[in-house]
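Trainee: Below you'll find the structure I mean.
Laboratory data are not the source of any read-out in this text; all were calculated from the coordinates shown. Predicted model only: the values in this text are computed from it and were never measured. Virtual Cβ from ideal backbone geometry, glycine too; neighbours counted across all protein chains shown.
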Amino acid sequence: MPAVYLYAIADRPKAPLPSSRGLQGASLSSLACGDLAAVFSPLTATDVQATESALWLHEEVVEALMAERAVLPVRFGSVFSNEAAVRAELMARYTALVAALDRVRGRVELGLRVLWDDDQEAIRKKWEITDHAQCSSRAPRALSPGDGRSYLMTRLEEERRAQARRQRAEALAAEIHTPLTRLAVASARQVLITPRLLLTGAYLLEHDRVAAFRREVEMLSAAHSVLRFLCTGPWPPYSFADV
Amino acid sequence: MRQLAAREKEVTLLDLLDRILNKGVILWGDVTLSVADVDLVYLGLKVLLTSVETAERMRGAGSCYTQPERNTVTDRAFAPLERAVED
């Protein structure tokens, strides 16, 4: 038996497969395990290269499946030595996989990134006001070599600014994330993964809430004109497929 | 299906990478793509992935706007870029 490349776990094992091709031009197959199906294609060479086209091909297979069935997208690069190894994995985690499929059925994921810019005038002004209020009682002190106190004061000031920035980011992120969670059945968020990436959000939505979600993003964007909003999707539920 | 502008695809690719390489069900087989290989993907796309902030440079002015629901890969667009392309 050849090695197999796995795309997704789906429900309805008897449903027809998409006619599209998998990696290395192979046809898609599926193997059933109770109420689950693992969708895969055979590999002639097991060294799967993670190229851009391969990533999109994986995604296209998952999306084609998702049009008809509930799916749990499998992380890119999952190769098994044969079908029996896949079946063993499905059996070992059967209950968790069925529960995860129930969670994502009829739902899609939308992604949001919100970028901010420290140099933006509006944000900087707010910070200056805070800085003046807190620094006015502190006399400026010349920095001289070996001046441990000056060094310490500088470090403290840096720390205080970083903390204020973090607090501001958390507050802004909550202003954006909270209304969006009201439209979602599940969500995940990260704040300041990089200095300018204020919020990274993933939202699991009922299919018919996507339009409303986009409208909400548009309103939030209008209300936060100094921030940049990037919204993508609908995606397969990658961020909500943890088993 | 309509062809999307290259930069538009790149922004969406960024989001795809985040998901397909870092999320999704982990059913690691006994022969799997190594972590080093995944790192190579990122290296190969380093123009795009110098940081996620690169996305900002790729986008046009504006913000997300309401659009008809879309489901296919090639139609999935980062809305402001799409608007810029259509203008």
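Trainee: Show me the strands (runs of 3 or more DSSP E) entirely contained within the range A:19-107 in which 2 or more residues are more than 7 Å from every other protein chain (Cβ to nearest Cβ). Break it down stepwise before answering.
Mentor: Details: elements: A:29-33, A:36-43, A:71-73, A:78-80.
The strands (runs of 3 or more DSSP E) meeting that bar are A:29-33, A:36-43.
Trainee: Conditions first: (1) over 23 Å from A:Phe76 (Cβ atoms); (2) within 14 Å of another protein chain (Cβ to nearest Cβ); (3) surrounded by 14 or more Cβ atoms within 10 Å (Cβ to Cβ). A:Phe240 passes all but one, so which condition is the exception?
Mentor: In the conditions (1) over 23 Å from A:Phe76 (Cβ atoms); (2) within 14 Å of another protein chain (Cβ to nearest Cβ); (3) surrounded by 14 or more Cβ atoms within 10 Å (Cβ to Cβ), A:Phe240 misses (1) alone.
Trainee: Based on this model, can you work out whether A:Ala164 counts as within 30 Å of A:Val61 (Cα to Cα) and surrounded by 14 or more Cβ atoms within 10 Å (Cβ to Cβ)? Outline the logic, then answer.
Mentor: On the way: within 30 Å of A:Val61 (Cα to Cα): no; surrounded by 14 or more Cβ atoms within 10 Å (Cβ to Cβ): yes.
When the stated conditions are applied, A:Ala164 does not pass them.
Trainee: Between A:Val71, A:Val86, which is out of contact with any helix residue (DSSP H, G or I) (no Cβ under 6 Å at 6 or more places or on another chain) and β-branched (Val, Ile, Thr)? Reasoning before the result, please.
Mentor: Details: A:Val71 fails: out of contact with any helix residue (DSSP H, G or I) (no Cβ under 6 Å at 6 or more places or on another chain).
Checking each option against the conditions leaves just A:Val86.
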